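K.L.:
The structure's right below; bear with me while I get my questions together.
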Amino acid sequence: MVTFTEEAKGQILAAIQEQQDERILLRMEAHPGHGPDFNYGMRLIGPDEKTGEDQVIDVGGFEVVLDPESAKNLEGASIDFENGAVQSGFRIDNPNRPPAPGFGEGARQDLSGPLVERVQALLDTELNPAVASHGGMIRLVDVRDNKVYLAFGGGCHGCGMVDVTLKHGVEARIKEAIPEIEEVIDTTDHGTGQTPYYR
């Protein structure tokens, strides 16, 4: 279900060995936030903090505790640990994504039509290749009343430069290419970004 690289295992085992108490289990959480990625959490817990609904996985050397929702959201994920000059920490490679913000039962789900297709084509051919060089990505959430709603992910999620990127880059280019668009709105909760970076 969830796999750990040897580097990630080593960091977690070292943290467990430093404990002076019974916190020998790793609780992992993955819950939808307001952006295109899950909000992740990792912390050491004691055996008495497990609940009857939790799933427990032995990953070799320690056990991982997952609540039912996190277990589903982390299915097939892998955890690595990077120690680099730009950023250090755990990196979660997760094939799953939460539902798009604002979508769900009773919400508008029709992302089709000429205007949507033109915005998506612009994202695919110009804007996403540009932000990808900084480790970022942009996802189209909705087009409504001549307004484009976007969600930023990867290195753009929580980036201190995202306002500049949006106003002077993304929004300007979308309005230039598609004059009908009046405003571009960022729906991302950048307060949950995990140490984004830019060059």
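The values are calculated or read from the model by the stated rules, or taken from the named source; none is laboratory data. Being a predicted model, the structure only gives us computed values, none of them experimental. Positions of Cβ are backbone-derived with ideal geometry, glycine not excepted, and every protein chain shown enters the neighbour counts.
K.L.:
Could you please find all residues in segment 1-60 being in contact with a Leu (Cβ under 8 Å, 6 or more places away or on another chain), of a type in the set (Gly, Ala, Ser) and surrounded by fewer than 13 Cβ atoms within 10 Å (Cβ to Cβ)?
P.N.:
46
K.L.:
Could you list all residues from segment 55-69 that are over 16 Å from residue 96 (Cβ atoms) and not in a strand (DSSP E or B)?
P.N.:
59, 60, 61, 62
K.L.:
Same structure, new question: Would you mind stating whether residue 94 is modelled with pLDDT of 80 or more and either within 29 Å of residue 79 (Cα to Cα) or not aromatic (Phe, Trp, Tyr) (or both)?
P.N.:
yes
K.L.:
Scan segment 28-54 for residues that are without any contact (Cβ under 8 Å) to a residue 40 or more places away in the chain and either assigned to a strand (DSSP E or B) or not acidic (Asp, Glu) (or both) and report the count.
P.N.:
Count: 9.
Here's the yes/no breakdown for (1) in contact with a strand residue (DSSP E or B) (Cβ under 6 Å, 6 or more places away or on another chain); (2) at pLDDT 85 or above; (3) assigned to a loop (DSSP other than H, G, I, E, B); (4) at negative phi:
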residue: 107; (1), (2), (3), (4): no, no, yes, yes
residue: 111; (1), (2), (3), (4): no, no, yes, yes
residue: 118; (1), (2), (3), (4): no, yes, no, yes
residue: 134; (1), (2), (3), (4): no, no, yes, yes
residue: 150; (1), (2), (3), (4): yes, no, no, yes
residue: 168; (1), (2), (3), (4): no, no, no, yes
residue: 175; (1), (2), (3), (4): no, yes, no, yes
residue: 184; (1), (2), (3), (4): yes, yes, no, yes
residue: 197; (1), (2), (3), (4): no, no, yes, yes
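K.L.:
Right, something else. Just to be sure, is residue 53 among the acidic types (Asp, Glu) and under 30 Å from residue 187 (Cα atoms)?
P.N.:
Criteria not met by residue 53.
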